[in-house]
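Student: So that we are looking at the same thing, I have put the structure below in structure tokens.
Bear in mind that the values in this text are calculations on the coordinates, not laboratory data. Predicted model, so just to flag it, every value in this text is computed and none were measured.
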Amino acid sequence: MTTLAAPPTTTGTASALRRLYFVRFGFAIAWALVMFTMAKEISPVAAVLLVVYPLFDVGAAIVDANATSETRSPVLLYVNMAVSLIAAVGVAIAATSGIPAVLRVWGAWAIVSGLVQLIVAVPRRKLGGQWAMILSGGISVLAGGSFVASAGADNPTLAGAIGYAVPGGIFFLISALRLGRTAKEA
């Protein structure tokens, strides 16, 4: 039986994405654990955390773009950076108006960034572990719609945002583990 080694650029890309995905998993879980204690109201700490989440996404997209620029055009990642930056500003403004406004902005961000994640992950299928990113992008779109809808509920909470972070983090962990094969092939 013969095995073909992954090209060096693919191996380097897989290794870089694997590290990034592990960091994203850790951040999402830590963020959710802290936010869990603040789901019923927007305290100053909760507002900061709500803004930090999309800002972290900007940073992750920058790392992703740098890691994958040799193999793919980073245009969609630039779009994601812009969308997440706008979301961070939007969430900061919405936090002064209450939970329904935050849920609407968070939902719009989840829809757009989920679509971008889905579109970015499909061509990366050959790297391995991208089915989790494809699934995560699709779920993000659905969750975004749910956030927007829940903004009109009688007593909306931020619990949905927490529920959004945990599975997203788990999907990043699954992708990181699956990328291990590609990262080790050389």
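Student: Convert 10 °C to kelvin, take the viscosity as 1.306 mPa s, use the Kirkwood radius over C-alpha pairs of the chain as Rh, and evaluate the Stokes-Einstein diffusion coefficient in µm²/s, rounded to a whole number.
Tutor: 95 µm²/s
Student: Over all alpha-carbon pairs in the stretch 65-136, figure out the percentage whose distance exceeds 20 Å. Mind showing how you got there, number by number?
Tutor: On the way: 993 of 2556 pairs.
Considering the stretch 65-136, 39 percent of its Cα-Cα pairs are separated by more than 20 Å.
Student: Can you bin the stretch 27-120 into rounded, prolate or oblate? Criterion: square roots of the alpha carbon gyration tensor eigenvalues sorted a ≥ b ≥ c, rounded for a/c under 1.5, prolate for a/b above b/c, oblate for the rest.
Tutor: prolate
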